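No value in this document is a laboratory result; all are computed from the given coordinates. Note that the structure is a prediction, hence the values are computed from the model and not measured. Note that each Cβ is placed from the backbone with ideal geometry, even for glycine, and that neighbours are counted across all protein chains shown.
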């Protein structure tokens, strides 16, 4: 089976938004290839390193919020 990495990236971005703390940081306990793609797209800072969180870029934070609301918000609430 072939995976749609765009959908995986969006889902991961939404889950990163779920763990948002300190205004722009999120826990990085996700697939490394996916985090690398999000970094390559300019949505998060470099995920490599000992720190257990990543920093959203301004664009990444905006996109993460949009995807999170699309995927997880209750309709009509």
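Key figures for this structure:
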quantity: Base-10 log of normalised Debye intensity for the chain (one unit scatterer per alpha-carbon) at q = 0.25 Å⁻¹; calculated: -1.19
quantity: Inter-probe distance in nm under a simple model that places probes 7 Å from Cα toward Cβ, at residue 69 and residue 27; calculated: 2.5 nm
